[in-house]
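As structure tokens, the structure follows; a few thoughts come after it.
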Amino acid sequence: MRGAAMRLIAASSGFVVLLTLPVMQGQNDWGVTYTPTDLICALEGSIAEIHCSYRSPSRLNDADMAVEETFWFTRFSDNEPVDLRADSEYSGRVQYHCGENDCTLRITDLRESDSAEYKFGFITNQPGGKYTGEPGVTLSVTGLQVKMSESERCLVDPCTWSRLTCHSSCPLPDHPSYIWYKNGKNMWKDAHSFKTYFYGENSYACAVKGHEDFPSPSVCVYGSSCNRVTYTDRSICAFKGSSVDISCTYNNYESIKSKFWFSNDQQGYYTRLVDLRKDSQYSGRVQVLEAERGRSTLRITDLTERDSAEYRFKFKTQGFEWESSLRGTTLTVTDPDVQVQVIWTSTSPKLICSSSCLLSARSAFVWYKSEKEIQGETSPSFRGHVDLEDSYSCAYEGYRSPAVYAPKVSVLMNPSGDVMKDSSVNLTCSIDANPAAKYTWYKENQLLLSGEPQLVFTSVQSSDSGEYYCTAENELGKTTSEHVSLNVKYGPQTSTLSVSPTGEIVEGSSVNLSCSSDANPAANYTWYKENLKLLQGPEGVHHFSSISSEDRGNYYCKSENKHGQINSASLFLDVQYAPKLLSVSVSPSGEIVEGSSVNLTCSSDANPAANYTWYKENEDSPKASGQIFTITDFRHEHSGNYYCEAQNTRGRRNSTLNLTVVAGAWKSAAAGSITAVLLAFILLAVFLWIRRENSFTQQCKCGERPDNRAQLNVGPVCDTPSSAAQRQAAGQQDDLHYASICFSQNQGDVVYSKVRVHPQRETEEEEEEEEDGVEYSAVRFNNASSAPGTRRQEDGNYSCALYSTVNNNKNTP
């Protein structure tokens, strides 16, 4: 066994020679190894097998490398190795049994002409990638021969004392055992040679044990007239219904008394040792022809498969009978099975007309191209150019082969039409080709599957949609089918809403809302804002050319086709804008009373929310920040123009408010009441002084409220409201003013006045608050004269005291 290291050797054939030298560890990945070794010795008629293994790198020159063709050859033609399968000398006798990295050559029915050096070659997909392993294996085909040596003539009888040796032209392997035959009968000797007396009537032959079908020819040891039979053919085949001639030559030492042909079954057991001319199975179909002395021909017509057997010749003399241990001629009756064998080569396909039975004597062939006979082509190998667009066939002995042609391919889809998601779909690559083609599936130029005619989807998905096609390739060429579109239908699987541009959205900018969905057929889109339908259509974009604050809100879209619908998640569209609709208010409203509490409120529409700052006109620093500005004790100096400024990241805006203070309501009411009381007191004092002059003294009970009907001169003198005032009080009780004025003759004139001012009340709380607004005023009058008998004050002056109570109920801001 030998390895092979790659060496580049200039060769006119263009092949790189891989020398079959011992391969050391660590050498490159190229190599060819043959088994057995250099020389094979085989017997003629036997079978020879030569095995090899080979190696090649998976990548070369940064590209994947693959072996595309393997072959055996013994010779070159036009600088190209001749594949043994395409060599007419080996027609019907050569077979290849090749695996991934090994290949075995098998040659049957060996002939001496088969002796040659056999080499293995392979071709890769790389440019110039042709390689052979050299030297190859030498096959020597030999026939056995019986050779005589050490001969001594007998003194008395016509004989010789000699040594017979079973000889071959090359050493046979494994020290074989031998079988010797005498007059066609097994002598039961297994020695390579033996020595004995040999007489003129006897013939001898030998064979290697295990190869009894290929014995040596029978030879005469003493003289040349010994008894013997030699068959013309060891094996022969014929077509059913045809005829066959089986021949032999024979020699008889004595006169022949009888001779005939007989047969045994295919297993080699004699079933009938009778003359075939008398056998009912062959009745009317057998003839024995002897055109010359010592030659017999058996002719069988109208052959059937039952006629397949081993046929032998037998003759008898007066004292001798030819035995039947030696093999005769094996007949095989078969159908013609004419075929065109296509052998792919690196240049072009080679066509060989082959049959299960080749008749060596009649080997005329007829070739056809696209059903038209090609004149002059009679060889089993087609010698013309092979056009891949045409078909080719051959005929042998009137039997026509099927045509061979490159693949014709198409793709069928089941079911056809629309395909729903999760359903089952089969794509079938339909091929018409001879020889059979290899299938390869592709999806949009991407390899999917090799070697299978069907592409099966048990549950088709949306990702399976696309263009599919298959290729078919045989030895005559490669064909690509038309593309088939697999369109998987399904309802919307997703619905995604997005906004562009991303980030903050400013009022007045251009904004797109995009709705996308995985659906087939394409979905229609419906837009919603806060569950209010906006628009519907095939476009998945909602465009705002100039977005406004009114567009702010939650949006979503609905994706829908005839197979289903789905809503997207909601997306909040936040539109930012500068403050607008700025307003300023004051609380309480109306006139601002001095000392009251005032709230100034600033509001605006803004996004993001505005920050507020308060300013007073003609003042640089802000007064306050925040939406509400409170002045707790409003004074005159607080009057003026105020403005607030609303500001966010998108802009600012301000608004002005004027504030003016007025006197308090309770002070005005009190001042008016006091003035009226003083005038009344003055008038009453004058009146009382006049009466005192008339010496009328009356004690007035202070603290009593005079009746509306009391008179001034009765008891204590009490001033009561006038009739008009009473009528007014009857109409509006809340506006009553009460005054009590008392005079005394014997003490200082003291006037107590209680005045109640009742503005219009709105709530009960206001009534309770009335009591809080009471003011007391004391007015003292000094009179120069007094009536006799009256008391004087310590200072000697006549005096009168006035007490005034004023109730003022007012609304305090």
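Taking segment 116-134 as the search range and keeping residues that are in contact (Cβ under 8 Å) with a residue 12 or more places away in the chain and open to solvent by 60 Å² or more (accessible area, probe 1.4 Å), which one is nearest to Tyr199 (Cα to Cα)? So that I can check it myself, show each step before the final result.
Pass one, segment 116-134, residues in contact (Cβ under 8 Å) with a residue 12 or more places away in the chain: 116-126, 128-134.
Then drop every residue that is not open to solvent by 60 Å² or more (accessible area, probe 1.4 Å), which leaves 117, 125.
Details: Glu117: 43, Asn125: 68 Å.
The extreme case among them is Glu117.
Going by the structure shown, is Trp180 under 30 Å from Gln287 (Cβ atoms) and part of a strand (DSSP E or B)?
Numbers: under 30 Å from Gln287 (Cβ atoms): no; part of a strand (DSSP E or B): yes.
No; evaluated as a whole, the condition is false for this residue.
For segment 396-445: of the residues being in a strand (DSSP E or B) and charged (D, E, K, R), which is nearest to Ala238 (Cα to Cα)?
Start the filter on segment 396-445 by keeping residues that are in a strand (DSSP E or B), which leaves 396, 399-400, 404-414, 419-420, 425-434, 438-443.
If we keep only those that are charged (D, E, K, R) as well, we get 400, 408, 432, 438, 443.
Numbers: Arg400: 16, Lys408: 35, Asp432: 32, Lys438: 34, Lys443: 51 Å.
That would be Arg400.
Output the residue which, of all residues in segment 198-227 that are under 15 Å from Leu144 (Cβ atoms) and out of contact with any Leu (no Cβ under 8 Å at 6 or more places or on another chain), is most open to solvent (accessible area, probe 1.4 Å).
Among them, the one singled out is Lys209.
If you go through segment 496-520 one residue at a time, how many are among the β-branched types (Val, Ile, Thr) and open to solvent by 40 Å² or more (accessible area, probe 1.4 Å)?
Total meeting the criteria: 3.
Does Ser355 fit the bill of being buried (at least 17 other Cβ atoms within 10 Å of the Cβ) and polar (S, T, N, Q)?
Values: buried (at least 17 other Cβ atoms within 10 Å of the Cβ): yes; polar (S, T, N, Q): yes.
Yes; evaluated as a whole, the condition is true for this residue.
Can you tell me which residue within segment 210-237, out of those that are charged (D, E, K, R) and outside any strand (DSSP E or B), is farthest from Gly184 (Cα to Cα)? Walk me through how you get there before you give the answer.
As a first pass, look at segment 210-237 and keep what is charged (D, E, K, R): 212-213, 228, 233-234.
Now restrict to residues that are outside any strand (DSSP E or B): 212-213, 233-234.
Values: Glu212: 12, Asp213: 13, Asp233: 17, Arg234: 15 Å.
Per the stated criteria, the residue is Asp233.
I'd like to know if segment 449-458 contains one or more residues that are in contact with a Gly (Cβ under 9 Å, 6 or more places away or on another chain) and either open to solvent by less than 30 Å² (accessible area, probe 1.4 Å) or among the aromatic types (Phe, Trp, Tyr) (or both). Reasoning before the result, please.
Residues of segment 449-458 that are in contact with a Gly (Cβ under 9 Å, 6 or more places away or on another chain), as a first pass: none.
Checked segment 449-458: no residue is in contact with a Gly (Cβ under 9 Å, 6 or more places away or on another chain) and either open to solvent by less than 30 Å² (accessible area, probe 1.4 Å) or among the aromatic types (Phe, Trp, Tyr) (or both).
Got at least one residue in segment 528-544 being of a type in the set (A, V, I, L, M, F, W, C), touching a Cys at 6+ places or on another chain (Cβ under 7 Å), in a strand (DSSP E or B) and farther than 26 Å from Arg650 by Cβ?
Residues of segment 528-544 of a type in the set (A, V, I, L, M, F, W, C): 532, 534-535, 541, 544.
Subsequent filtering for residues that are touching a Cys at 6+ places or on another chain (Cβ under 7 Å) retains none.
No, because not a single residue in segment 528-544 is of a type in the set (A, V, I, L, M, F, W, C), touching a Cys at 6+ places or on another chain (Cβ under 7 Å), in a strand (DSSP E or B) and farther than 26 Å from Arg650 by Cβ.
Restricting attention to segment 432-445, does a residue exist that is open to solvent by 40 Å² or more (accessible area, probe 1.4 Å) and in contact (Cβ under 8 Å) with a residue 40 or more places away in the chain?
For segment 432-445, residues open to solvent by 40 Å² or more (accessible area, probe 1.4 Å) and in contact (Cβ under 8 Å) with a residue 40 or more places away in the chain: present.
Of the residues Ser140, Ser113, which is small (Gly, Ala, Ser), assigned to a strand (DSSP E or B) and open to solvent by 10 Å² or more (accessible area, probe 1.4 Å)? Spell out the reasoning first.
Details: Ser113 fails: assigned to a strand (DSSP E or B).
Testing whether each residue is small (Gly, Ala, Ser), assigned to a strand (DSSP E or B) and open to solvent by 10 Å² or more (accessible area, probe 1.4 Å) leaves just Ser140.
Among the residues of segment 583-605, how many are more than 19 Å from Ala624 (Cβ to Cβ) and crowded, with 20+ Cβ neighbours inside 10 Å?
1
Can you name the residue in segment 389-403 that is over 20 Å from Ile343 (Cβ atoms) and at pLDDT below 90 and is also surrounded by the fewest Cβ atoms within 10 Å (Cβ to Cβ) among such residues? Walk me through it before giving the result.
Initially, segment 389-403 is screened for residues over 20 Å from Ile343 (Cβ atoms), giving 397-400.
Going one step further and asking which of them are at pLDDT below 90, we end up with 397-399.
Numbers: Glu397: 18, Gly398: 10, Tyr399: 15.
Checking each candidate, the answer is Gly398.
Determine if segment 339-350 includes at least one residue that is part of a strand (DSSP E or B), under 30 Å from Ile256 (Cβ atoms), modelled with pLDDT of 90 or more and open to solvent by less than 50 Å² (accessible area, probe 1.4 Å). Break it down into steps so the answer makes sense when it comes.
Here is the first cut: in segment 339-350, the residues part of a strand (DSSP E or B) are 339-343, 350.
Imposing the further condition that a residue be under 30 Å from Ile256 (Cβ atoms) reduces the set to none.
Within segment 339-350 (the criterion being part of a strand (DSSP E or B), under 30 Å from Ile256 (Cβ atoms), modelled with pLDDT of 90 or more and open to solvent by less than 50 Å² (accessible area, probe 1.4 Å)), the answer is no, since none of the residues qualifies.
Considering only residues that are open to solvent by 70 Å² or more (accessible area, probe 1.4 Å) and either touching a Cys at 6+ places or on another chain (Cβ under 9 Å) or more than 21 Å from Ala406 (Cβ to Cβ) (or both), which ones fall in segment 476-490? Spell out the reasoning first.
To start, the set of residues in segment 476-490 that are open to solvent by 70 Å² or more (accessible area, probe 1.4 Å) comprises 478, 480, 482-483.
Selection gives Thr480 alone.
Please work out if Glu473 is out of contact with any helix residue (DSSP H, G or I) (no Cβ under 6 Å at 6 or more places or on another chain), more than 30 Å from Tyr556 (Cα to Cα) and buried (at least 18 other Cβ atoms within 10 Å of the Cβ). Step through it out loud before you land on a result.
Numbers: out of contact with any helix residue (DSSP H, G or I) (no Cβ under 6 Å at 6 or more places or on another chain): yes; more than 30 Å from Tyr556 (Cα to Cα): yes; buried (at least 18 other Cβ atoms within 10 Å of the Cβ): yes.
Yes.
Sort through Tyr368, Tyr311 and tell me the only one that's closer than 23 Å to Gly92 by Cβ and crowded, with 20+ Cβ neighbours inside 10 Å. Even if it seems obvious, please write down each step before you answer.
Values: Tyr368 fails: crowded, with 20+ Cβ neighbours inside 10 Å.
Being closer than 23 Å to Gly92 by Cβ and crowded, with 20+ Cβ neighbours inside 10 Å holds for just one of Tyr368, Tyr311, which is Tyr311.
Residues of segment 154-177 being open to solvent by less than 20 Å² (accessible area, probe 1.4 Å), outside any loop (DSSP other than H, G, I, E, B) and under 23 Å from Cys41 (Cα atoms), which ones?
Across segment 154-177, the qualifying residues are Leu164, Cys166.
Checking the condition within 55 Å of the chain's Cα centre (by Cα) and modelled with pLDDT under 90, which residue from Gly143, Gly99 passes?
Values: Gly143 fails: within 55 Å of the chain's Cα centre (by Cα).
Residue meeting the stated conditions: Gly99.
Hey, can you tell me all the residues within segment 296-336 that are of a type in the set (Gly, Ala, Ser) and either in contact with a helix residue (DSSP H, G or I) (Cβ under 7 Å, 6 or more places away or on another chain) or over 24 Å from Ser354 (Cα atoms) (or both)? Show your work before the answer.
If we filter segment 296-336 for residues that are of a type in the set (Gly, Ala, Ser), which is where we start, we get 296, 308-309, 319, 324-325, 328.
Result: Ser296, Gly319, Ser324, Ser325, Gly328.
Just to be sure I understand the filter: pairs with C-beta atoms under 6 Å, separated by 6 or more residues or on different chains, first member in segment 492-515 and in contact (Cβ under 8 Å) with a residue 60 or more places away in the chain and under 14 Å from Phe572 (Cα atoms), second member hydrophobic (A, V, I, L, M, F, W, C) and part of a loop (DSSP other than H, G, I, E, B). Which pairs pass?
Listed by first residue and then by second, the contacts come to Val511/Ile547.
The values are calculated or read from the model by the stated rules, or taken from the named source; none is laboratory data. The structure presented is a predicted model; accordingly, all values stated were derived computationally and were not measured. With ideal geometry, Cβ positions are generated from the backbone for all residues, glycine too; neighbour counts draw on all protein chains shown. Side chains included, ligands, DNA and RNA excluded: accessible areas come from the protein's heavy atoms. Shrake-Rupley method; radii C 1.70, N 1.55, O 1.52, S 1.80 Å.
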